[in-house]
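A.B. asks: Got a structure here, written out as structure tokens. Questions coming.
The values are calculated or read from the model by the stated rules, or taken from the named source; none is laboratory data. Keep in mind that what you see is a predicted model, and the values were worked out from it rather than measured. So basically every Cβ, Gly included, is an ideal-geometry build from the backbone, and we count neighbours across all protein chains shown. Each accessible area value is taken on the protein alone, full model and side chains, heavy atoms only, with ligands, DNA and RNA left out. Shrake-Rupley method; radii C 1.70, N 1.55, O 1.52, S 1.80 Å.
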Amino acid sequence: MKLKIFLGAILALVVSGVGYSYYLGAFDPVQVKEETLGPFYVLSHDRVGNYRNVGETFEAIQKEFPEKGLKNYKMFGIYKDNPNTVPEEKLRCEVGALFSEPITEIPSGFSLPLKYKVIEKKKYLTADFPLKSFVSIFLGIFKVYPELMKACIEKGCDMNGKASMEIYEPVVEKNTKYLFSLDK
């Protein structure tokens, strides 16, 4: 009897795990396409260190931006170094909020130093991945980046020294867009 209960519990865990993975998009195909996107108007914070710690910046932005009257933005990250070749304490990134329209007035008093800039219109290799939970971000990294790298190699582009960009929209679109610039 105990063996049946144990096996039933194991089966329930496996089915739940597979179901959750399906929900997160683990079995969805990754489609890479070429798109021209931008310009992007961004308020960003420069960071150095392990990419896993960017969540601290995102949390501060999500708390402080609404308090300052900033709304209608998506979160983004520009990851400047390859974590497979650069020591984690030297990884550089820029994280913040991306707006579809220019910002006319930037409020002061943020807990993080922020800079405003415009990322001009560019041609990108892109791929979309569902953003259903925090786990989706990590699943997307492991699922999407190999496909983007493969497409980049097929196009003859060199990712050495190039940054990747991720745009997160967890509320309406529930999507992460991964971008590799094709422009020089």
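A.B. asks: Of VAL86, VAL95, which has the most accessible area and how do the rest follow, probe 1.4 Å? List each step's numbers first, then the result.
C.D. replies: Numbers: VAL86 40, VAL95 0 Å².
Accessible-area ranking of VAL86, VAL95, largest first: VAL86, VAL95.
A.B. asks: I would also like to ask the following. So what J values fall out for the range 156-170 if you push phi through Karplus, 6.51 cos²θ - 1.76 cosθ + 1.60 with θ = phi - 60°, rounded to Hz, Gly and Pro as x?
C.D. replies: x, 8, 10, 8, 4, x, 9, 8, 10, 10, 10, 10, 10, 9, x
A.B. asks: For an R0 of 25 angstrom, estimate the FRET efficiency from the Cβ-Cβ distance between GLU154 and ALA26 and round to the nearest 0.05. Before the final figure, lay out the partial values.
C.D. replies: Values: r = 24 Å, r/R0 = 0.96.
Efficiency computed from Cβ-Cβ geometry: 0.55.
A.B. asks: Got a sec to turn the phi values of the range 64-74 into Karplus ³J(HN,Hα) couplings, 6.51 cos²θ - 1.76 cosθ + 1.60 with θ = phi - 60°, whole Hz, x for Gly and Pro?
C.D. replies: Values per residue, Gly and Pro as x: 7, 4, x, 5, 9, x, 8, 8, 6, 9, 10 Hz.
A.B. asks: So if a site counts as exposed when it's one of the GluC sites (Glu not before Pro), its DSSP state isn't H, G, I, E or B, and it has at most 13 other Cβ atoms within 10 Å, what's the longest stretch of the chain without one? Walk me through the numbers before you get to the answer.
C.D. replies: On the way: sites that count: GLU105, GLU120.
Result for the longest clean stretch: 1-104.
A.B. asks: Can you compute the helix-only [θ] at 222 nm over the chain? Use -39500 (n - 2.57) per DSSP H run of at least 4 residues, normalise by all residues, nearest 500 deg cm²/dmol. Could the numbers behind the result be given before it?
C.D. replies: Details: 3 runs with 59 residues, N = 184.
-11000 deg cm²/dmol, from helical runs alone.
A.B. asks: What shape does the range 117-170 have by the C-alpha gyration tensor, where a ≥ b ≥ c are the square roots of the eigenvalues, rounded means a/c under 1.5, and otherwise prolate means a/b greater than b/c and oblate the rest?
C.D. replies: Details: a/c = 2.32, a/b = 1.30, b/c = 1.78.
Taking the square roots of the gyration eigenvalues as a ≥ b ≥ c, the range 117-170 is oblate.
A.B. asks: Run the dipole for the chain about the Cα centre, Lys and Arg Cβ at +1, Asp and Glu Cβ at -1, nothing else charged, and hand back the magnitude in debye, nearest 20.
C.D. replies: Numbers: 25 positive and 23 negative charges, 75 e Å.
Computed about the Cα centre, the dipole is about 360 debye.
A.B. asks: Among the listed pairs LYS68/LYS90; LYS123/LYS143; LYS2/LYS143; LYS121/LYS150; LYS63/LYS177; LYS115/LYS150, which have their C-alpha atoms separated by more than 29 angstrom in this model?
C.D. replies: Numbers: LYS68/LYS90 32 Å; LYS123/LYS143 22 Å; LYS2/LYS143 39 Å; LYS121/LYS150 24 Å; LYS63/LYS177 23 Å; LYS115/LYS150 33 Å.
Correct reply: LYS68/LYS90; LYS2/LYS143; LYS115/LYS150.
A.B. asks: Using Cα springs under 10 Å in a Gaussian network model of the chain, which residue among LEU98, LEU37, LEU13 shows the largest mean-square fluctuation?
C.D. replies: LEU13
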